[in-house]
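Contents: one structure, followed by commentary.
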Amino acid sequence: MLRVSLLMSVMVLALWGCQAPPDLKKLQDENGALEQQLGQANRDISKLKADKVLLQQDVAELNRVVSVLGQEKNSRVTESTNLRGEVRQFVQARIDSLKTFLLASDLLDYIGGELVERSNVDKQPLLLVDLYNKVPRNGTLTGVGGYFQATGNISVKVLRPIAGNLVVVWASQPIAVPERGVQRLTFPVTVGVEKGDLLAYHLGSVGMVGFDTGTGDTRYLNDDVMVGASLKPSSLQGENDKRAYSMGVFGLLNSL
């Protein structure tokens with residue numbers, strides 16, 4: 001019986017020993033496959049690293065090109081800006097010279113009262129609205145003139161009839177009147193006007209411009225108005241006075 005048991009044990013061990021080699025070979029094959037995959041993965045990683053280096057070089061080159069283009073663009077913009085500025089200064093200087101020449105030579109169109117000495121003067125600063133001398137044609141205003149009996153500041157406003165009211169569409173900065181007598185003063189900036197527009201003048205000092213009665217239709221307000229203000233004609237005072245003041249505007253109006 002013991003011999004039978006020993007024999008059986010030997011047979012089992014023999015069978016187990018015969019099965020071990022195939023399992024070991026399978027493991028070896030799997031290890032070999034894994035090593036191949038690992039090798040391929042390492043090669044792929046190396047290739048990706050190389051590609052990354054190339055891409056970084058490409059990005060660096062693109063950044064360099066963009067930087068150069070930016071510098072060239074800034075240089076051209078600066079050059080163009082400087083050139084435009086010089087051209088504008090040149091043109092503006094010629095325009096100012098032409099305006100001064102036309103004004104001094106009395107070659108501009110004039111809208112307003114005769115520039116003569118008049119007997120009456122206002123006792124307080126007023127806003128004067130000339131309803132008698134309307135703008136006859138479209139054009140551009142370049143300056144203001146007057147027979148000034150006192151120095152001070154004057155500002156000019158353009159009023160446009162809209163829906164029965166007079167709307168202030170433009171106002172000059174105060175312009176200094178340096179001397180008494182006939183003065184022709186240019187605006188810092190010209191202004192376009194339309195046929196039918198009216199002119200208003202704010203005199204900053206008492207008695208700057210004289211007036212006569214019965215020969216015009218200049219009305220007045222005690223207070224100044226700003227651009228955008230809307231005036232009712234009925235709010236203007238002096239309808240019965242028929243005042244005519246010695247002031248007006250100069251400009252270039254379109255031909256008939």
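Every number in this text was worked out from the coordinates using simple rules, so none of it is lab data. All values reported here derive from a predicted model rather than from experimental measurement. FYI the Cβ positions are ideal-geometry reconstructions off the backbone, even for glycines, and counts take in every protein chain you see.
Helix-only arithmetic for the chain: the sum of -39500 (n - 2.57) across DSSP H runs with n ≥ 4, divided by the residue total, places the mean residue ellipticity at 222 nm at -15500 deg cm²/dmol. Within the listed set Ile45, Ile154, Ile111, the Gaussian network model of the chain (springs between alpha-carbon atoms below 10 Å) gives the highest mean-square fluctuation for Ile45.
Under a Gaussian network description of the chain, with springs only between Cα atoms under 10 Å, the residue in Gln149, Gln36, Gln183 that fluctuates furthest is Gln36. Under the rule a/c < 1.5 gives rounded, and otherwise a/b versus b/c splits prolate from oblate, where does the range 130-256 land using the Cα gyration tensor? Verdict is rounded for the range 130-256.
Rounded if a/c is under 1.5, else prolate if a/b beats b/c, else oblate: with a ≥ b ≥ c from the C-alpha gyration tensor eigenvalues square-rooted, which is the range 99-198? Oblate, since a/c reaches 1.5 and b/c is not below a/b. Residues of the range 50-82 with backbone nitrogen within less than 20 Å of a virtual label 7 Å along the Cα-to-Cβ line of Phe90, please, listed as ranges. What the label zone holds, given the 20 Å backbone N cut-off, is 76-82. Between the Cα long axis of helix 2-104 and the first principal axis of the chain there is an angle of about 10°, rounded to the nearest 10. Fully extending the segment from Arg160 to Leu98, taken as 0.36 nm per residue of separation minus the present Cα-Cα distance, adds 19.5 nm. To the nearest µm²/s, what D does Stokes-Einstein give for the chain at 25 °C and 0.890 mPa s, using the Kirkwood radius over alpha carbon pairs as Rh? Stokes-Einstein gives a translational diffusion coefficient of 96 µm²/s.
Legend: distances between Cα atoms for Lys123/Lys242; Lys123/Lys157; Lys157/Lys242; Lys52/Lys73; pairs beyond 29 Å are Lys52/Lys73. In a GNM of the chain with a 10 Å cut-off on Cα contacts, which of Lys49, Lys25, Lys232 has the highest mean-square fluctuation? Comparing Lys49, Lys25, Lys232 in a Gaussian network model of the chain, the most mobile one is Lys25. Here Val135, Val167, Val129, Val53 are placed in order of increasing Cβ neighbour count within 10 Å, fewest first, which gives Val53, Val167, Val135, Val129.
Sorting Leu127, Leu166 by the number of Cβ atoms found within 10 Å of their own Cβ, with the fewest placed first, yields Leu127, Leu166.
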